[in-house]
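These notes are about the structure you will find just below.
Rule-based calculations on the coordinates, nothing more; no lab input. Keep in mind that this is a model prediction, so the values were computed, not measured. Ideal geometry is used to build each Cβ from the backbone, glycine not excepted, and the neighbour counts take in all protein chains shown.
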Amino acid sequence: MRIGEAVRVAVGALVAARLRTALTVLGVTVGVSSVMVLIAIGDGTRREVAGRVDELGSNLLLVVPGKMEIGMPTVSRMQLSDVAAVGRVVGDPDRVAATVASGEMVQAGTAKTFTTVAGVLENNRTVLVRQLARGAYLSRADVDSARRVAVLGATVARVLYGDTDPVGRQVTVAGVRFRVAGVFAPLGQSLGVDRDDEVHIPLTTAQRLFATTRVDGLAVRAADPAGMAALGDRIVAELAERHPDSAFSVVTQDQILSVLGDILDVLTGVLGATAGISLLVSGVGVANIMLVSVRERTREIGLRKAVGARPADIGAQFLAEAVLLTSVGGVLGIALGAGTTLAVERLTPLPTLLTAWSVALSFGVAATVGLLFGTLPALRAARLDPVHALRTE
Amino acid sequence: MTPAIEVRQATREHRVGQTAVVALRGVSLTLHRGEHVAVVGPSGSGKSTLLQLLGGLDRPTAGSVLIDGQDTAELPQAELARIRNRVVGFVFQGFHLQPRASALDNVALPLVYQGVRRAERRRRAADLLDRVGLADRARHLPGQLSGGEQQRVAVARALVTGPTVLLADEPTGNLDSVTGERLLDLLAGLNAEHRVALAIVTHDHEVAARARRQIVMRDGRIVSDSHIVSDSRIAGDGRIAGDTARRTGRA
Ligand SMILES: Nc1ncnc2c1ncn2[C@@H]1O[C@H](COP(=O)(O)OP(=O)(O)O)[C@@H](O)[C@H]1O
Ligand SMILES: [Mg+2]
């Protein structure tokens, strides 16, 4: 029997049992679409993380207090003098950016918002590659004289000033008046975080404002990406010597990417398993419905065998039916999955990415479920004894 | 010349729980091309079982059945299926038509398993329907046909592959006598013209009387296998009354 013939018979059988077919297809559809949505979210997140790392460049080192352990925040013992010392280790103080940050209320007129206020050096803009939309960034003189000037993230600028240009206007940070020097170009959302919700002020001013001498972290732009590991070791050694009772860690973008990648893999695994279970359940449904179909059509099978169908012909016919069932579910699942992915993109902060690969995979998985769960019913049909089958009512 | 079918000491046992039901007990017979045999006997005597062995639908539990010289016990299922498809035409007791397929598609079904293309299948099935006088019923579903029409569809299906052996299990069972008669004329015609071996299970004496050879079964055994000295040619109309036929018995 030709494949086309097996498909033709399968279509006839599925159409004849419309409601049953529809319900089974529905199960597969839901399974396939959930697989697709989860892949899209996983891929979207991965792309965003990779994009962020690319943006920062692979020659960036982050220096943070404490050991690199998740969920163990450490209060920094670093001071401005440590920043200068690291600058000497690196050989160029312009390559070492420092930050002290705090959540503060900022206000302009009656408009106010709670945001992250970061005290930074004037080199922050070059080390971390930030673009300005308006005005100017902080200058060395601003830092040296601890001036009250601020650069606003795009979100803060919009919330406080709407459409008017904030450059040269007043902004109140934690109750102290500042002058707006510039506005950052928007960065957009990343992993559900608004990256434009921040204000930069000179590090010296920030230390006074927050009544502290600490520096939270350093970012080092290495001249040579090849010597990064060695440079990191030298920085840690220097800091350890200056603070014998504290630990420091150096992280490269590659490490961040790999840690985030590991977390994403675990998440994707867990979510994938959940989606897999729903596919498995729909597969069991397919096997069940196919067994019912074989039983109902025992006489038909007997007749087909009596007029010359080989066991392989009968097996192929029922396998075609199962695969067709799940393939239809696969196609509908892809449509539903694409729709749901769009909705997730629009309505939630989760990033998504639909790829041809994930569409192909979803369809492949659906067809495979049909092949797998259709095999037992198909074998049962193929092995039926024709005389016995013809006798059944 | 190899006989169409040869049965040697065939026994067919069925296991029902612990007990064995013996449907056939050491039956032997030879069926040649062009022969016309009637198989008669009381219900449960093994007639259908014998026919199923003859058609390769079933295999003996002891003894052997040779179809076209090939021992069915030694053939793989796929090969046996090929024989059922090409060598044998089966007219089942109770038609066994597919309720959702048209008369045409029912007749064409065996050709599906020869890989014949759909257009060609339909053309050949239409030919056969025409020969059984149902050309105008091709698109009807079995449920829209009378018993006699359904039976003719079943016969057309048995003939569509051009078999050398035609096996019919009580083909006139549910038909009125005129319709049954017409069907038998058709089968007898095939038998005479194309030398198709014809074996008909029946408990209708008139049907049995038309055959040139009668096999009588009882309790899974052949109790009589007799050839009628045919004077049908003399009679001219291809018909002989049972009581005027002289028998040459072997039983
Ligand atoms: N699958 C089976 N299982 C058990 N017994 C069977 C089976 N098929 C046939 N038989 C038995 O074998 C005997 C012969 O049956 P069958 O060939 O159908 O007789 P007939 O056609 O002459 O009426 C009967 O007693 C029947 O009950
Ligand atoms: Mg019977």
Excluding B:THR2 itself, calculate the net charge of residues whose Cβ lies under 12 Å from the Cβ of B:THR2, where each Lys or Arg counts +1 and each Asp or Glu counts -1.
-1
Cut-off under 15 Å on the C-alpha distance; same-chain residues fewer than 8 positions from A:LYS305 excluded. Which aspartates and glutamates are left, in chain and number order?
A:ASP313, A:ASP385, B:ASP58, B:GLU79
Can you compute the radius of gyration and Dmax for the stretch A:172-228, using only the Cα atoms, both in Å?
15.5, 46
Residue-normalised 222 nm signal for chain A, counting each DSSP H run of n ≥ 4 as -39,500 (n - 2.57), nearest 500 deg cm²/dmol, is -19500 deg cm²/dmol
Exactly which trypsin sites (Lys or Arg not before Pro) in the stretch A:1-98 are in a DSSP loop and have at most 11 other Cβ atoms within 10 Å?
A:LYS67
Out of all DSSP beta bridges with both ends in chain B, state the antiparallel percent to the nearest 5.
60
What GluC sites (Glu not before Pro) in the stretch A:1-98 are in a loop by DSSP, with at most 12 other Cβ atoms within 10 Å of the Cβ?
A:GLU69
Expressed to two decimals, the stretch A:75-246 has a Cα Rg over Rh, using the Kirkwood radius, of 1.00
Report the per residue volume, in Å³, of the convex hull enclosing the C-alpha atoms of chain B.
139
Taking chain A as the reference, fit the longest principal axis to its C-alpha atoms, fit the long axis of helix A:311-347 to the helix C-alpha atoms, and give the angle between the two in degrees, 0 to 90, nearest 10.
30
Can you pull the percent of Cα pairs in the stretch A:29-155 with separation above 19 Å?
67
Under a point-charge model restricted to the Cβ atoms of Lys and Arg (+1) and Asp and Glu (-1), what is the dipole moment magnitude of the protein assembly as shown relative to its Cα centre, in debye to the nearest 20?
1680
When the charge dipole of the protein assembly as shown is computed with +1 at the Cβ of Lys and Arg and -1 at the Cβ of Asp and Glu, the Cα pointing farthest to the positive end, of B:VAL207, A:ALA229, A:THR21, is that of B:VAL207
Can you tell me the orientation of helix A:80-90 relative to chain A, as the angle in degrees between its alpha-carbon axis and the longest Cα principal axis, to the nearest 10?
70
Space enclosed by the convex hull of the alpha-carbon atoms of the stretch A:60-132, per residue, Å³:
139
Classified through the alpha carbon gyration tensor (a ≥ b ≥ c as square roots of its eigenvalues; rounded if a/c is under 1.5, else prolate when a/b is larger than b/c, else oblate), the stretch A:177-268 comes out oblate
Cα lying deepest toward the dipole's positive end in the stretch A:75-246, options A:PRO186, A:LEU218, A:LEU138, charges on Cβ
A:LEU138
Normalised by the empirical 2.2 N^0.38 Å for globular proteins, what value does the Cα Rg of the protein assembly as shown take?
1.70
Max mean-square fluctuation residue, GNM over chain B, Cα-Cα springs under 10 Å, options B:LEU128, B:LEU159, B:LEU75
B:LEU75
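Count charges around B:ARG118 for me, please; just the other residues with Cβ under 10 Å from its Cβ, Lys/Arg as +1, Asp/Glu as -1.
My count for the surroundings of B:ARG118 gives +3.
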Work out the FRET efficiency for B:ARG221 and B:ASP185 from their Cβ-Cβ distance, taking R0 = 51 Å, and round it to the nearest 0.05.
0.95
Could you check the simple spin-label distance between A:ILE263 and B:VAL16, using points 7 Å along Cα→Cβ, in nm with one decimal?
7.2
For the stretch A:75-246, what proportion of DSSP beta bridges, expressed in % and rounded to the nearest 5, is antiparallel?
75
Using only the alpha carbons, work out the radius of gyration and Dmax of the stretch A:92-135 in angstrom.
13.4, 43
Degrees separating the helix A:18-56 axis from the principal Cα axis of chain A, which is the longest one:
20
List the trypsin sites (Lys or Arg not before Pro) in the stretch B:74-138 that DSSP assigns to loop (not H, G, I, E or B) and whose Cβ has at most 16 other Cβ atoms within 10 Å. Which are they?
B:ARG100, B:ARG117
What do the square roots of 5 times the Cα gyration tensor eigenvalues come to for the stretch B:1-134, in whole Å, largest first, as semi-axes of the equivalent ellipsoid?
30, 17, 16
Given a 10 angstrom Cα cut-off, can you work out which residue in A:ASP196, A:ASP216, A:ASP313 is the most mobile in a GNM of chain A?
A:ASP313
